[in-house]
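Q: Here's a structure for you.
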Amino acid sequence: MDASPGGAEAAEILDMDSGEEEDSSSTCTEEDNNHESALCSGGREIKSSAVVKYCAAPPPTNYALPREKTDLKLPPANWLRENPQLGSAGTTILGSNSKSKPFSSFGMAYDFIDCVGDDVDVVSDSENIKKLLKIPYSKSHVSMAVHRVGRTLLLDELDIQELFMNSSKTGDWSWLKEFYQRLMDQKWQRKKKSKEHWYQKAILSKFLYYSINGDGAAEPVSDSFNEGEEDIGQKEFSSSWPTAFTSTSPGSDDSGASKQESVSVGSSFALDQVTPVAKEQNLPILFNEGENSQGLRNDFVRNIMWTFEDIHMLVGSNMPIFGGGRYPAVSLRLRDNNKPINILTGIDYWLDNLMCNVPELVMCFHVNGIVQKYEMIKTEDIPHLENSTFSTRVVKDIAQNILSFLKSNCTKEGHTYWLFKASGSDIVKLYDLTTLCEEAEEEKCQNPFTLPVAVLLYKVASNLMLKGRQNRKHYGTIRTLLLNCVKLLDHERHPQIIASAHYMLSELFQLDEPPQDDDDDGGSLRAGGSEDSYSDDDREEDAEAELSDASDESDSYRKQDDRKAVAVIRSVGELSIPEKYTSTHHIRPSCTFPVSQDKEEKCRHVLSYVLKGLKAVDSTIKKESDLPAADPNTPIPLKYEDRSEITAGETGITSLLERVGPTHMDQKQQTRSGMIPGSWQHRMKLQFFFKASKAYYVLSEAATNLLKYGRALRYIKLSLQCHDAYCSVTGTLHPHVLYFHSQCLSLCGDIQLMLAQNGSNRAAYLEEYSYQTKEDQEILHSLHRESSCQAFNMATDLATDPEYQLVVSLKCYEAAHELLDSEVLKDHAPDQLNHVLKRLGNIHNEMGVYYMNQSAAMQTEKEAKPSVSAAEQEMWKKSFGFFENGLKNFEAIADGTNSALLLCNTGRLMRICAQAHCAVAEDQSRGEFSPEEALYYNKAIDYYLRAMRLLGGREGHLAVWDSVNWELSTTYFTLATLLQDFAPLSRKAQEQIEREVTEAMMKSLKYCDLQTESARQPLYQYRAATIHHRLASMYHSCFRNQVGGEHLRKQHRSLAELHYSKAVSLFLSLKDAPCELLRTLLERVAFAEFAMAGQSSSAAKIKSLTAALDTMMETRHAFQLIHAEMLEEQRQSSESGGAESPETADASAGSASRLNVQEVMKLAGVFEPSFSFLLLQLVKLMSTVKRKASSKDEETLKTYKNVYSKLLRADKKAPLVSRVELYMDLLQQLAPSEETNST
């Protein structure tokens, strides 16, 4: 039958349903076609749902079916021609593509990286899925490559014969050829496509073109039909189907933007499209479009997330979908009416419709190319067609069994597995080609899947890394992915990916976050567990044994090489048995991060990855001969910098500020090693240098906390050398780099300060500083390719002079402050600026104290000179200047406490200045109190008072307040004591001096805190007692010397009595001042004796003498304390050695203890005559009294006489202990009876 010339006559337009499958745009997202269907089979439902993740097709258009008797052998006018409606795919065949590209799953995985690893079970071409599910029904051979990433399996067709043909020129994979020839029948060869095959393809193509050509005529084209068929045969229809719409290349920029599920990698981890720097990297194979792309582009018309029961699959499909009929979407099929539909075709049609969520099928039947009839079939009715009936439940069981089988045995990420079933065989085998390749000792780069797998592992890790910023649970997974990626790649061919992977590995170790105590981050693997928690060898062996037990029995078909199979399905019939195979391998049950919380261990991990990354980068830089020779095994010599170089170092540190802002480096100018700025090597080295600098900084900080200052200085030196190299290869310093640099300088200042303060351990610090690991040496070697690393030598050398170390510490703080106070960082890091200002104030204080102590040492060493030396004055000026600067630093941050401490230290400096101005008489004795001394003491008092006002009160800063209070009281007391002991009578009147002394003493007493319980309370009590004693002695002297009139003398007498009383009271409260108590009591007795001398009546004299005797009796407590101490000293002396004479014992006791025996003997010499005089005068006066004495008076007189008699008869040469015991006994006899009884 001839074809009608008009398209309207040749085609019949079918009604079109108003519903649409997809949006009007050229792309669809996952919200479209999100339908779920339930298919019934024997009363049981099969659940299936499909979500379109990406679609390059416009909405389905009406389809036009050729009328009956249309001859499909005649092509339509537009057959195989470009058509705006068909797009670039118009010259290819519409229909099922029998051959998948070998890397099609990788193209989809790259585009939908979020789905890979956890959410999806399988990524593959729909044709591969159908081929797997038809294994029990088909005798055809199956050959697929399987790869695992997390819980996701990537399936690709593996055409072994084509692989061998492509590699025959190089001789690669010879081991696999031999293995395959032994495995297969020697007579088996690839069958050539028959003429019938190409005929069926051609009429299918023409049928579909008729269906989209509603108004075109079925007229002959210019070329002959045979030439068209031949052209088709040459193309082998191996490319993707064209579509009935304008196609947008998935690899183009527009389509890439439309793939909403595709996640771009952040700039920190991106490979920058892995553009090759050297030709030998072969990276264009991955990303170049065209023939060399090896199918890594996602060329599918649509990518669908298909859920079949509990299996989640990302599939690619090119099936054309049309609109029309009762449903918004239908598929078109062409069948020979003389050939019934078999079960394989039925499953094929059913699965295609399920995956694309097409509810209806339009079947066109023809006889010898002549259209006969059409039939509309619902998708759920396809399994029940005549001659192709199959159970959907069985298909579901097959899918679950195959997935379980693969997941249980494809356990190692990065390995290429080969799923193989020979034509006509019932046995399915799974081989680990990576392991076989290793056994054959052939290079891993010969595996064509190696690079795509490695890049996919890298991309998944990069994607997880972006999520991992908020959730550390991915870190273990990321680490495993990257380690497997690095393991797969050849270091010489793919240095960029390897360097990027190592940088990401180093980024997993967060060095700037506080340690966490919970077990979620590295608990189970902290002690060193498996790095790959889901590739455990034991589980592999168990799974292999379990799945191969049954296959061991069927040895009729197996050959010797079958033992190399990972697992075997002994019969395809087993796949139809529900749950015959179950997945025994847990995919990532708990991927913890296998690293401890120890900071040093973290940093060592980081540095090891940094070193590997630097080696990968350095291997691509060819200008090795232009570099200075450096042996990585030779430690860098330590050079002591002269102090004069400090000023030169300042320029290098502070000049960094000039490089902030727009880049100053010529982008075409190569670096020292030959890198071009802006290249991937340049960017990677910047990242690695900065990361290494951070790691060494953290190591230095940890060593500082452990008081290992030599090690800390070595690490901060390495950190600053990394920073120096960083600055050498970049023209722009970003604010965060400058901020980190200020932290390094601040820490370096801390370490130098600690070294200056701990000079006793200098030998140990030098040993720590000189040690270097091989890893550190290799990193230094890489640094020296870019920089001499000498910019910060001044700051990081281990000197022997503490003054030099203090100066270096100061310069480091000043440089850090200058950076933080610059316009770039002033508003970015206010906390760090305050921190450095505090450090600056502290180092100024330390240097002020250092020079102050130096000047004090000069005073003790010099001989008595009338004037102050110039060296001392220079020390004072330096010390005072540092204290002033430190005060400014603390005032800038409103730190009142530290400001008060600096004022306190300045006051101490003023006291040292005062001591240096001490006047010396001609006989080298201490001269009068000089005006210069008074000036500096008053300055010291002013600084202490400023400190007190700054603090405001004791609350909130107890220790500082107590310290300042004590120093102020001490200064007043010292001033008063010197005025009293070395009175400047040549310049001032006695009365004026006494007033000044009294005023100073009372002010000192004012600041004696007697109420607060503290360590200084006994000192305050002793000082207060001493002040009262001194005041009493002064008033006693004035009273004795008849100073002033009668009224003034009475005032002096009452004041003397008052202060003697308070002094005695305070000394009595102290247990360790018996001599002072005894002296005060004897002076009080002497004061009473002097007062008695001016009395005339006997009664008054007796009263005065009795009162004096009562005071004398109070000395008994002092003698008891003295006696107890002397006995204790004698006991200790007897325990330590042999017997000693009394004189020797007294002398040794005086020299070995705090008891001043000489002072006690002197006081005893005063006590005896004074006591004897009082008793004698009382006996005389009581004996001559005219009134009759009472019995009590007689008894008292008798006691006085008895005591006086014993005192006169006492042996003056007796040991001191015996004499003290006698005094105690005599004083006891004078005590009243009730006191005696109580005693």
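Per-residue answers, yes or no, for (1) outside any strand (DSSP E or B); (2) within 29 Å of GLN496 (Cα to Cα); (3) at pLDDT 85 or above; (4) of a type outside the set (Gly, Ala, Ser):
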position	(1), (2), (3), (4)
LYS396	yes, no, yes, yes
SER404	yes, no, yes, no
THR435	yes, yes, no, yes
GLU441	yes, yes, no, yes
CYS445	yes, yes, no, yes
ALA454	yes, yes, yes, no
LEU466	yes, yes, no, yes
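Q: Related question: If we scan segment 1029-1045, do we find a residue that is part of a helix (DSSP H, G or I), open to solvent by 50 Å² or more (accessible area, probe 1.4 Å), closer than 22 Å to PHE973 by Cα and touching a residue at least 24 places away in the same chain (Cβ under 8 Å)?
A: Filtering segment 1029-1045 down to residues part of a helix (DSSP H, G or I) leaves 1029-1040.
After this cut, where a residue has to be open to solvent by 50 Å² or more (accessible area, probe 1.4 Å) as well, the list is 1030, 1037, 1040.
Filter once more, keeping what is closer than 22 Å to PHE973 by Cα: 1030, 1037.
Pick out the ones that are also touching a residue at least 24 places away in the same chain (Cβ under 8 Å) and you get 1030.
Scanning segment 1029-1045, I find at least one residue that is part of a helix (DSSP H, G or I), open to solvent by 50 Å² or more (accessible area, probe 1.4 Å), closer than 22 Å to PHE973 by Cα and touching a residue at least 24 places away in the same chain (Cβ under 8 Å), so the answer is yes.
Q: Which one is farthest from the chain's Cα centre (by Cα) among residues in segment 1117-1139 that are farther than 29 Å from LEU1230 by Cβ and at pLDDT 50 or above?
A: GLY1138
Q: Kindly indicate which of ALA799, ALA795 is part of a helix (DSSP H, G or I), open to solvent by less than 10 Å² (accessible area, probe 1.4 Å) and under 30 Å from LEU607 (Cβ atoms).
A: It is ALA795.
Q: Counting only residues that are touching a Ser or Thr at 6+ places or on another chain (Cβ under 7 Å) and not hydrophobic (A, V, I, L, M, F, W, C), how many does segment 880-906 have?
A: 1
Q: Further question: I'd like to check something: does segment 842-849 contain any residue that is touching a residue at least 24 places away in the same chain (Cβ under 8 Å) and not in a helix (DSSP H, G or I)?
A: No - not one qualifying residue is present in segment 842-849.
Q: Go through (1) open to solvent by less than 10 Å² (accessible area, probe 1.4 Å); (2) more than 24 Å from ARG570 (Cβ to Cβ) for GLU438 and report which single condition fails.
A: (1)
Q: So, SER986, is that one of a type in the set (Gly, Ala, Ser), at negative phi and in a helix (DSSP H, G or I) or not?
A: Details: of a type in the set (Gly, Ala, Ser): yes; at negative phi: yes; in a helix (DSSP H, G or I): no.
No.
Q: Take the conditions at pLDDT below 90 and not hydroxyl-bearing (Ser, Thr, Tyr) and apply them to LEU810. Does it pass? Break it down stepwise before answering.
A: On the way: at pLDDT below 90: no; not hydroxyl-bearing (Ser, Thr, Tyr): yes.
Against the criterion (at pLDDT below 90 and not hydroxyl-bearing (Ser, Thr, Tyr)), LEU810 does not qualify.
Q: For residues that are open to solvent by 50 Å² or more (accessible area, probe 1.4 Å) and charged (D, E, K, R), scanning just segment 1069-1082, find the one that is farthest from ASN1156 (Cα to Cα).
A: Checked segment 1069-1082; the qualifying residue farthest from ASN1156 (Cα to Cα) is LYS1071.
Q: Out of all the residues in segment 835-852, is one or more surrounded by fewer than 23 Cβ atoms within 10 Å (Cβ to Cβ), of a type in the set (Val, Ile, Thr) and over 27 Å from PHE690 (Cα atoms)?
A: Yes, the conditions are met somewhere in segment 835-852.
Q: Among the residues of segment 346-366, write down those that are in contact with a strand residue (DSSP E or B) (Cβ under 7 Å, 6 or more places away or on another chain), open to solvent by 10 Å² or more (accessible area, probe 1.4 Å) and either of a type in the set (Asp, Glu) or not in a helix (DSSP H, G or I) (or both).
A: Correct list: ASN357, PRO359, PHE365.
Q: Next up: For segment 763-786, which residues satisfy the criterion of being of a type in the set (Gly, Ala, Ser) and open to solvent by 10 Å² or more (accessible area, probe 1.4 Å)?
A: If the condition is that a residue be of a type in the set (Gly, Ala, Ser) and open to solvent by 10 Å² or more (accessible area, probe 1.4 Å), then ALA763, ALA764, SER770 are the ones that fit.
Q: Restricting to segment 920-947, name every residue that is open to solvent by less than 30 Å² (accessible area, probe 1.4 Å) and not β-branched (Val, Ile, Thr).
A: Passing the criteria: GLY927, PHE929, SER930, GLU933, ALA934, TYR937, ALA940, TYR944, ALA947.
Q: What number of residues within segment 971-1013 satisfy the criterion of being of a type in the set (Ser, Thr, Tyr), buried (at least 18 other Cβ atoms within 10 Å of the Cβ) and touching a residue at least 40 places away in the same chain (Cβ under 8 Å)?
A: 4
Q: What tally of residues in segment 1087-1099 results from selecting those that are open to solvent by 30 Å² or more (accessible area, probe 1.4 Å) and either under 21 Å from ARG1040 (Cα atoms) or assigned to a loop (DSSP other than H, G, I, E, B) (or both)?
A: The total comes to 7.
Q: Has segment 722-730 got at least one residue that is under 27 Å from THR800 (Cβ atoms), over 20 Å from the mean Cα position of the chain (by Cα) and open to solvent by 10 Å² or more (accessible area, probe 1.4 Å)?
A: Checking segment 722-730: at least one residue is under 27 Å from THR800 (Cβ atoms), over 20 Å from the mean Cα position of the chain (by Cα) and open to solvent by 10 Å² or more (accessible area, probe 1.4 Å).
Q: When you look at SER96, is it at pLDDT 50 or above, of a type in the set (Gly, Ala, Ser) and closer than 30 Å to PRO448 by Cα, yes or no? Walk me through how you get there before you give the answer.
A: Numbers: at pLDDT 50 or above: no; of a type in the set (Gly, Ala, Ser): yes; closer than 30 Å to PRO448 by Cα: yes.
Taking the combined requirement at face value, the residue does not satisfy it.
Q: May I ask you to verify whether GLU1195 is modelled with pLDDT of 85 or more, open to solvent by 80 Å² or more (accessible area, probe 1.4 Å), of a type in the set (Asp, Glu) and part of a helix (DSSP H, G or I)?
A: Taking the combined requirement at face value, the residue satisfies it.
Q: What tally of residues in segment 681-714 results from selecting those that are of a type in the set (Phe, Trp, Tyr) and open to solvent by less than 10 Å² (accessible area, probe 1.4 Å)?
A: Adding up the residues that qualify gives 3.
Q: Checking the conditions here, which among TYR739, TYR769, TYR765 is touching a residue at least 60 places away in the same chain (Cβ under 8 Å) and in contact with a Gly (Cβ under 7 Å, 6 or more places away or on another chain)? Write out each step before concluding.
A: Values: TYR739 fails: in contact with a Gly (Cβ under 7 Å, 6 or more places away or on another chain); TYR765 fails: touching a residue at least 60 places away in the same chain (Cβ under 8 Å).
Only one candidate qualifies: TYR769.
Q: When you scan segment 892-901, do you find a residue that is open to solvent by less than 50 Å² (accessible area, probe 1.4 Å), under 44 Å from the mean Cα position of the chain (by Cα) and over 17 Å from TYR944 (Cβ atoms), even just one?
A: yes
The values are calculated or read from the model by the stated rules, or taken from the named source; none is laboratory data. Not measured: the values here are computed from a predicted model. All Cβ positions, even for glycine, are placed from backbone atoms using ideal geometry, and neighbour counts span all protein chains on display. Each accessible area value is taken on the protein alone, full model and side chains, heavy atoms only, with ligands, DNA and RNA left out. Shrake-Rupley method; radii C 1.70, N 1.55, O 1.52, S 1.80 Å.
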